[in-house]
1. Those residues that are more than 23 Å from His51 (Cβ to Cβ) and not basic (Lys, Arg), I need them from segment 64-80; list them, please.
2. From (1) in contact (Cβ under 8 Å) with a residue 12 or more places away in the chain; (2) over 15 Å from Val31 (Cβ atoms); (3) touching a strand residue (DSSP E or B) at 6+ places or on another chain (Cβ under 8 Å), pick out the condition that doesn't hold for Val75.
3. Identify, please: which residue in segment 14-39 is open to solvent by 90 Å² or more (accessible area, probe 1.4 Å) and not hydrophobic (A, V, I, L, M, F, W, C) and is, among those, modelled with the lowest pLDDT?
4. Can you pull out the strands (runs of 3 or more DSSP E) entirely within segment 40-107 that have at least 1 residues that are at pLDDT below 90 and open to solvent by 70 Å² or more (accessible area, probe 1.4 Å)?
5. What's the total number of residues in segment 84-107 that are of a type in the set (A, V, I, L, M, F, W, C) and touching a residue at least 12 places away in the same chain (Cβ under 8 Å)?
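The values are calculated or read from the model by the stated rules, or taken from the named source; none is laboratory data. All figures in this text were calculated on a predicted structure; none of them were measured in a lab. Cβ sites come from the backbone with ideal geometry, for glycine too, and all protein chains shown count toward neighbours. We work out accessible area using only protein heavy atoms, side chains counted, and drop any ligands, DNA or RNA first. Shrake-Rupley method; radii C 1.70, N 1.55, O 1.52, S 1.80 Å.
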Amino acid sequence: MIKVPAIMRQFAILFSLLAVLWAPAIAQDFVPGFEDLPLMRGLAPIADSGHVFDSPVGRLVESHASGAVARADVVAFYRESLVALGWSEIGPGQFRRENEILRIEAS
């Protein structure tokens, strides 16, 4: 039997614990049609409800999700998440990043 120093066992246990604790943060789902727009926990995409329109002047993406979450929680989640991703809030539920505009509606 190979004797593993105590510090190595503690490190392995700590690493395993951190991997378990960080798994939900790492395994982030994204809103369909957007490569970097996180989908709030508790929401699920509604199949075949979105549209993507591409043109030489830009792209329009519409996506829908639903879930049993409070409207205020949705607003707070996206306000915090989007600012961290480089978006600036320009109005209620409206954000701008470079030449992109994002509008989030919660009902």
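1. As a first pass, look at segment 64-80 and keep what is more than 23 Å from His51 (Cβ to Cβ): 68-73, 75-77, 79-80.
Ala68, Val69, Ala70, Ala72, Asp73, Val75, Ala76, Phe77, Glu80 - these are the residues of segment 64-80 that are more than 23 Å from His51 (Cβ to Cβ) and not basic (Lys, Arg).
2. (3)
3. The selected residue is Glu35.
4. 51-55, 58-62
5. 6
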